[in-house]
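Heads up: the structure comes next, in structure tokens.
All of the numbers you see were taken from the coordinates with simple rules; none came from a lab. Treat the numbers as computed from the prediction; the structure is a model and nothing was measured. Here the Cβ positions follow ideal geometry from the backbone for every residue, glycine too, while neighbour counts run over all protein chains shown.
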Amino acid sequence: MTAPIRVLVCDDQMLIRTGLTTIIDAQPDLEVVGECGDGQAAADLGRRLRPDVVVMDVRMPVLDGIEATRLLAGAGVPHPVKVLVVTTFNLDEYVYEALRAGASGFLLKDAPPSQLLHGIRTVASGAALLAPEVTRQLVGMYAARIRPAEETSNDTPLTPRELEVLRLIADGLSNKEIAGTLLISQETVKTFVSRILSKLALRDRVQAVVYAYRHGLVT
């Protein structure tokens, strides 16, 4: 029998935290291994418990969820923990900052329980949870900030075809949409995506989008 996905729930509102814990623990393949109500405790527990996924609120005392995410999954963290940010705030600065901090996914608190459970399983599997339409809106709002001030470089280890796929990912296309655009199978797209992430040492599609904008591969 496969071990359950271990989840840490972090939210400063006890009622919401209890609700999330109840929903998650009711699933046979999920297990809540801890819960907390502030960002510092989230960072400390995340390091100690090493859960498969941290469900992280944004607005919390002591440390906010963005900084806690950065401590658990940000650049330079030797053994990052996967973080799923769940917040009441929609596509605004919180989303951008959470993804830059290393979050693997983003959900709104008013999403149905099925989406939360799907999000946890998706992030635990190593995939990113950011719907294509969210990606499109996100990069549309923050592309100028994603791109660094210094001169960008087009030097890349990717093949022309891989670059083409990366640009389509950055445009917010799903694997199915990329397959239709390039007239290839979805399995082939998955292979390309895996190669891109491996060659560029990226964790997921979200990081691939940021990479593409940072390096001037898309505008």
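Residues whose amide H comes within less than 5 Å of that of Ile5, counting only those at least five positions distant or on another chain, are Leu30, Glu31 (H built at 1.01 Å from N in the peptide plane).
Calculate, in nm to one decimal, what Leu15 and Glu164 gain on full extension: separation in residues at 0.36 nm each, minus their alpha carbon distance. Intermediate results must be reported in sequence, preceding the final value.
Values: separation 149, 0.36 × 149 = 53.64 nm, distance 4.62 nm.
Using 0.36 nm per residue and subtracting the Cα-Cα distance, I get 49.0 nm.
Stretched out straight at 0.36 nm per residue, the stretch from Leu108 to Asp29 would grow longer than its current Cα-Cα span by 26.2 nm. Packing, taken as the mean count of other beta carbons within 10 Å per residue, orders the peptides 192-198, 116-122 from highest to lowest as 116-122, 192-198.
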